[in-house]
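Below you'll find the structure, written out as structure tokens, and then a few comments.
The values are calculated or read from the model by the stated rules, or taken from the named source; none is laboratory data. Everything quoted here is computed from the prediction, not taken from an experiment. A quick note on method: Cβ atoms are made from the backbone with ideal geometry, for glycine too, and the neighbour counts reach across all protein chains shown.
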Amino acid sequence: MTQSELAREECVPCKGGVPPLKGEQLQELAAHLNSGWEVVEEHHLHKTYTFKDFAQALAFTNKVGAVAEEQNHHPDIQLGYGKVGVTMFTHKIDGLTKSDFVFAAKVEEAAQQGA
């Protein structure tokens, strides 16, 4: 599966009661994302994007917000001058699901389209 194929999937709401992904499952899904995404402590995904100024960082933040609303899957976004940090995990199970990787792939596509 490529990142583009992953991005074409839809985020599926987690109803709880399922264990978070661990180990090899995480590494397999992470391998489909562009560089820069980190699986942190098998709990969340994180990537920081850099921009030339605050306005571009804010425009990208708004794009990520629009994707989040469309997918009903909401990351933690840290906005600063020339940078945007995106942290993703499924709050309902306090860990990672495939939908987190789908969302990360969608964010990558938004980044590639420019802010």
> Quick one: would you say K83 is over 17 Å from L33 (Cβ atoms), within 13 Å of the chain's Cα centre (by Cα) and not β-branched (V, I, T)?
Replying inline: no
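Limited to the stretch 70-110, what total is found for residues that are of a type in the set (A, V, I, L, M, F, W, C) and under 20 Å from A57 (Cα atoms)?
The total comes to 10.
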>> So A66 ticks every box in (1) modelled with pLDDT of 95 or more; (2) surrounded by 14 or more Cβ atoms within 10 Å (Cβ to Cβ); (3) in a helix (DSSP H, G or I) but one. Which box is left unticked?
In response: (2)
>> Quick check on the stretch 48-60. Is at least one of its residues assigned to a strand (DSSP E or B) and under 18 Å from A7 (Cβ atoms)?
In response: yes
> Of all residues in the stretch 58-111, how many are farther than 25 Å from Q25 by Cα and among the hydroxyl-bearing types (S, T, Y)?
Replying inline: 2
> Pick from I93, I77: which is surrounded by 13 or more Cβ atoms within 10 Å (Cβ to Cβ) and out of contact with any strand residue (DSSP E or B) (no Cβ under 9 Å at 6 or more places or on another chain)?
Replying inline: I93
>> Given the condition at pLDDT below 95 and outside any loop (DSSP other than H, G, I, E, B), answer yes or no: does some residue in the stretch 81-93 qualify?
In response: yes
> Which ones in the stretch 8-63 are in contact (Cβ under 8 Å) with a residue 60 or more places away in the chain, surrounded by fewer than 12 Cβ atoms within 10 Å (Cβ to Cβ) and under 22 Å from V84 (Cβ atoms)?
Replying inline: none
